[in-house]
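Quick notes on the structure that follows.
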Amino acid sequence: MSLLVLGDQLDLGSPVLADGPWADDCVWMAEVAEESTKVWSHKARIALFLSAMRHFAERLRERGWQVDYQALERHAHPDLGAALRAAIERHQPQSVRMVEAGEYGVARIVEHACAEMRVPLRILDDSHFLTTHADFDRWQSGRKQWVMEHFYREMRRKSGYLTASGEPVGGEWNLDKQNRRAFPKSGPGILPGRCGFPPDTLTRQVLELVERRFADHPGDLDAFAWPVTREQALEALADFIDLRLPGFGDYQDAMWVGESWLYHSQLAAALNLKLLDPREVLDAAVAAFDAGRAPLNAVEGFVRQILGWREYVRHLYWASMPGLLDENALDAHQPLPGFYWTGETEMVCLREALGQTLRTGYAHHIQRLMVTGLCGLLLGVEPRQMHAWYLAVYVDAVEWVEAPNTLGMSQFADGGRLGTKPYVASGRYIQRMSNYCGTCHFEGAGDVDARFRRF
Ligand SMILES: Cc1cc2nc3c(=O)[nH]c(=O)nc-3n(C[C@H](O)[C@H](O)[C@H](O)COP(=O)(O)OP(=O)(O)OC[C@H]3O[C@@H](n4cnc5c(N)ncnc54)[C@H](O)[C@@H]3O)c2cc1C
């Protein structure tokens, strides 16, 4: 074994696999229980990782790679470091090669294991992202403040997405003002629905394993329909571009009782597992605009999330680690309320966001930021507990993107590195963007802010 592929590096075009397979190289992949238990992971999150990894290992074998795949049921190593040391002992490789890990702690574990076993470790840049760490260093050097909007504009100019001669197509860089439409009182009407994939045999085996082995973990598996292969991820992308991208901008912040998916892409998990490359996602969205199939406000809004926010938070994560996870600028120390794990609360906005999270492993950005995040911030919950919850319950949760969003954008624990101000919003935005407040138990408790206070 000399090639190491982590559970969120499921890219057949990865630099570590380039020009292979080679007869004397074997790919090592491992499922380790610690990854599911270090935070109390949602069953759907565990199942998605395991199923996608197993499908990926199958693809590698079909392409002629030798794969040493350590399935959870068949090995007893408690953590990644122990599993890797045992693999090095077994294979006696000359060196180990891998694409840089996405998570700080994982990178350290691999480095230590290789150093302990005296095997050279070669780390390759992650070509999945549009920017390298060096690009970000150049961008930030000499700047007093890191503002996402500035980073995003530079990314637009450099990449050429929605740009003509260095200027934004349509005349404005950011069309967010247009992206705050609420649904009419009659509701959202007929929605495109979810692009789901019925579990195949391999996924069904994983679902049974997760139900058995992680029986006491939160969340349901009944609605499991996430893309677990590259083919399915590409289908999900095409489905989004055709059916939901046109409404993505207008209704990006809207919420409605009983509606989990609305016009969102639901592609974050496929992107974070590397089943999709952000370039092909951006290309598809911009092509839809060029062909007149999606309006500029929708496509610009979507491009900003991927080309701007997604790249930006990754750099912020690496620039802030290892200290980020312990930051607590507002000195908040309350425990996370138990209803975050059950969804049992009479406040409708929270019940909806938490209920769908536990059913599916998904909530959209405004639910994460303005409902569950805002509630934690107002209650003074300790940021580290909020972080552990967000990392546990979403199928797309990986630390490099979850932690800066939770600790920076949502909880202001970083003291303002990511956002210019805390998102201590009033409940009025929730009232304006949803039908949650009209049927709320706290309806009679004065205005929306008074309801939040009473809660
Ligand atoms: C507290 C909190 C925790 C979050 N945790 C995660 C996480 O663990 N993993 C994760 O991928 N995203 C996270 N986000 C960002 C965002 O909420 C999700 O990416 C999005 O809701 C996923 O749903 P979607 O794929 O339908 O996204 P869409 O609404 O369709 O957006 C398109 C894509 O843009 C990217 N994106 C959008 N917003 C952000 C953002 N703020 N940061 C980085 N990328 C973004 C995602 O790749 C997403 O798939 C978090 C946000 C908050 C406020």
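The values are calculated or read from the model by the stated rules, or taken from the named source; none is laboratory data. Predicted, not measured: the structure shown is a model, and the values here were computed from it. Cβ atoms come from the backbone with ideal geometry, glycine included; neighbour counts cover every protein chain shown. To get the accessible areas, we keep the full protein, side chains included, count just its heavy atoms, and leave off ligands, DNA and RNA. Shrake-Rupley method; radii C 1.70, N 1.55, O 1.52, S 1.80 Å.
Observations on the structure shown:
- Residue count, the stretch 320-347 (criterion: closer than 30 Å to PHE136 by Cβ and not polar (S, T, N, Q)): 11
- A single entry from LEU221, LEU275, LEU243 fulfils the requirement of being within 15 Å of the ligand (Cβ to nearest atom), open to solvent by less than 20 Å² (accessible area, probe 1.4 Å) and either at pLDDT 95 or above or not assigned by TED's automatic domain parsing to the domain that holds SER434 (or both): LEU275.
- Considering the stretch 348-394, and only residues there that are open to solvent by less than 10 Å² (accessible area, probe 1.4 Å) and either in a loop (DSSP other than H, G, I, E, B) or touching a strand residue (DSSP E or B) at 6+ places or on another chain (Cβ under 7 Å) (or both), the residue that is nearest to TYR263 (Cα to Cα) turns out to be HIS364.
- Test: residue in the stretch 138-152 that is among the β-branched types (Val, Ile, Thr) and either surrounded by 15 or more Cβ atoms within 10 Å (Cβ to Cβ) or not in a loop (DSSP other than H, G, I, E, B) (or both): no
- Residue selected from the stretch 424-449 under the condition at pLDDT below 85 and under 30 Å from GLU327 (Cα atoms), by the criterion surrounded by the most Cβ atoms within 10 Å (Cβ to Cβ): GLY427
- Of the residues in the stretch 159-176, at least one is closer than 30 Å to GLY247 by Cβ, charged (D, E, K, R) and under 23 Å from the mean Cα position of the chain (by Cα).
- Test result for VAL313, under 24 Å from GLU154 (Cβ atoms), outside the structural domain of ILE46 (by TED's automatic domain parsing) and near the ligand (Cβ under 9 Å from one of its atoms): yes
- Test: residue in the stretch 78-89 that is closer than 19 Å to TRP400 by Cα and either open to solvent by less than 50 Å² (accessible area, probe 1.4 Å) or at pLDDT 95 or above (or both): yes
- Residue match in the stretch 100-122 (condition: among the β-branched types (Val, Ile, Thr) and in a strand (DSSP E or B)): no
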